[in-house]
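What follows is one structure encoded as structure tokens, with my remarks underneath.
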Amino acid sequence: MSIDIETARKVAKLARIRVEEAALPKLAEQLSGILTFMEQLNEVDVEGVEPMVSVTPMRLKRRADVVTDGNIQAQVLKNAPEAREGFFAVPKVVE
Amino acid sequence: MNANSLTIAAARDALRKGELSAVDLTMSCLTAMDAGDALNAFVYKTPEIALDQARAADARLAAGDAPAMCGIPLGIKDLFCTRGVPSQAASNILKGFRPEYESTVTTRLFEAGSVMLGKLNMDEFAMGSSNETSCYGNAVNPWRRGNDDAALTPGGSSGGSAAAVAADLCLAATGTDTGGSIRQPAAFTGIVGIKPTYGRVSRWGVVAFASSLDQAGPMTKSVRDAAIMLGAMAGHDPKDSTSADLSVPDFEAALTGDIRGKVIGIPREYRMDGMPAEIEALWQKGIAMMRDAGAEIRDISLPHTKYALPAYYVIAPAEASSNLARYDGVKYGHRARLAQGDGITEMYEKTRAEGFGAEVQRRILVGTYVLSAGFYDAYYNRARKVRALIKRDFETVFAEGVDAILTPATPSSAFGLGEMANASPVEMYLNDVFTVTVNLAGLPGVSVPVGLDAQGLPLGLQLIGRPWDEAGLLNHAHVLERAAGFVSKPAKWW
């Protein structure tokens, strides 16, 4: 499977990473190289094999559904690039 | 001998006897750290925190309440969140980020009395095998080829940790390992590094790369030190739902040096085409050492080994693309300067383009592709099925009585910084060929320095253990270390 420039552009859009037009051919070539490498997986007979979902066979712990944390608004916002009046601030989302 | 060159075990004993103070030991490391700037291992230094912690450690030592790690100066990989101290996973996208919380691993180490000297260089988001993807620039290996002063890689992603420990800038360091990021740099710098069983050490507060593969572990000057430090890092953490609720054995007490009757598996699939003769010779030397120690050597087969790297390079980027979606310029870290009329989508796209380096972008894009509609089954689900087969390979040999598996740690010794600049991404990925199976199967693996190659560079062997049997694994590593008698140190040029 090789990735063409159009596909590279689309994947970049899905990943929300701006890629300049001039950089797309090289990117498509590198992605194609990686995918070709992955294609060795097609040689493996995986008939009847369940996809691995957990690394160790254990039941994940659950905790009581109660509030254990909170009232730390200042800490939550401390590292925000832009915060206003107790909220994260972003460019206009809805016209 | 300066105090900074001590092992954890020797320093612990000297501290407890009062022959050395934690403050003096810390000062010795701070001096070595400042003199080691040419290695670019420490990227953020915390001398005030270190001295405060050292004074507190001395008080505990005087009171007779001192755990093994009390007063031990450590370097902390930049992937660990440390409260109030820059923690940016060597990425520009986390520039300026100072966590309001402390990772579980560093919390435990500090509660045990350890001292933090500073944060260590690494590949960006732990994605790399040479420390060349770091936003801080390359960390440099203290080892050189003979009289050649070309700068070599300390490996990656825990390259700063490896360089700092090998150069005696600290007594030990934390590392993390998603596909070999503790074991490969340990092998490249002649130190010991163990990746524990998945779930042994809490991932809480460690910046996530691939959550089903990531595991933190110690990087140390000896196997005994690895046992001591792992004991302080490990244990159940309610904040990480995949952390195992199992008691942590006394790993150091398990170092009996007796492996008589144990079965060491030698997997034939790890004999790769084009593997340097020196690596093969080292492997044979290791096999002979284990046999001489009374272990039974058994040829084994792990038939899906060949497919581990391609499976890894589907699964790890898939998980990374999901984990790294959080870097959007809203909650923390970098936000791009926006043009007039730019909306939220432009903010995301520009922020992520500016903040992520080339390799991280590539992996996010690969991950996005393999998870996208129409390709999910063909790539991601197939890779997860192959992963199940790789795990089954190990389960089969362990069920047949194998106690540990011996393999090379890396396909070569340390290469030159920049030497792989024209290589394809896939060629760089081949560095992980012997280590990545262990992450896919969730097993513990340890890299032990065993010898030097013809250029005078360290080479390591890897031992792989049964799940949760770090104690047995470290004992095997201890036997190998003792038989190899590796005592070489890099000649100081920095």
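Looking only at the range B:172-191, which residues are out of contact with any Ser or Thr (no Cβ under 6 Å at 6 or more places or on another chain) and either closer than 17 Å to B:Val487 by Cα or not hydroxyl-bearing (Ser, Thr, Tyr) (or both)?
B:Asp177, B:Gly179, B:Phe188, B:Thr189, B:Gly190, B:Ile191
Read through the list (1) over 30 Å from B:Tyr312 (Cα atoms); (2) more than 7 Å from chain B (Cβ to nearest Cβ), then give the number of the only condition that A:Phe88 fails.
Answer for A:Phe88: the failing condition is (2).
Quick check: is even one residue across the range A:28-39 aliphatic (A, V, I, L, M) and more than 20 Å from B:Ala378 (Cα to Cα)?
No, the range A:28-39 contains no residue that is aliphatic (A, V, I, L, M) and more than 20 Å from B:Ala378 (Cα to Cα).
Which one is nearest to the chain's Cα centre (by Cα) among residues in the range A:11-51 that are facing another protein chain (nearest Cβ under 7 Å) and charged (D, E, K, R)?
A:Arg16
Which one of these does B:Ala150 not meet: (1) in contact with a Lys or Arg (Cβ under 8 Å, 6 or more places away or on another chain); (2) surrounded by 24 or more Cβ atoms within 10 Å (Cβ to Cβ)?
(2)
Name the residue that is surrounded by the most Cβ atoms within 10 Å (Cβ to Cβ), counting only residues in the range B:170-208 that are of a type in the set (Lys, Arg) and either at pLDDT below 95 or outside any strand (DSSP E or B) (or both).
Per the criteria, the residue is B:Arg183.
Listed here are the residues, each with its yes/no results for (1) at the interface with chain A (Cβ under 9 Å from one of its Cβ atoms); (2) not in a loop (DSSP other than H, G, I, E, B).
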residue: B:Arg291; (1), (2): no, yes
residue: B:Gly294; (1), (2): no, no
residue: B:Ile297; (1), (2): no, yes
residue: B:Tyr307; (1), (2): yes, yes
residue: B:Ala311; (1), (2): yes, yes
residue: B:Val314; (1), (2): yes, yes
residue: B:Ala318; (1), (2): no, yes
residue: B:Ser322; (1), (2): no, yes
residue: B:Asp328; (1), (2): yes, no
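Could you check A:Val55 against (1) loosely packed, with under 14 Cβ neighbours inside 10 Å; (2) at the interface with chain B (Cβ under 10 Å from one of its Cβ atoms) and say which number it fails?
(1)
For residues that are at the interface with another protein chain (Cβ under 10 Å from one of its Cβ atoms) and out of contact with any Pro (no Cβ under 9 Å at 6 or more places or on another chain), scanning just the range B:355-370, find the one that is surrounded by the most Cβ atoms within 10 Å (Cβ to Cβ).
Filtering the range B:355-370 for residues that are at the interface with another protein chain (Cβ under 10 Å from one of its Cβ atoms) and out of contact with any Pro (no Cβ under 9 Å at 6 or more places or on another chain), the one surrounded by the most Cβ atoms within 10 Å (Cβ to Cβ) comes out as B:Val360.
Taking the range B:338-385 only, how many residues are among the basic types (Lys, Arg) and within 23 Å of A:Leu24 (Cα to Cα)?
Going through the range B:338-385 one residue at a time, the tally reaches 4.
The values are calculated or read from the model by the stated rules, or taken from the named source; none is laboratory data. Values in this document were obtained by computation on a predicted structure and should not be read as measured data. So basically every Cβ, Gly included, is an ideal-geometry build from the backbone, and we count neighbours across all protein chains shown.
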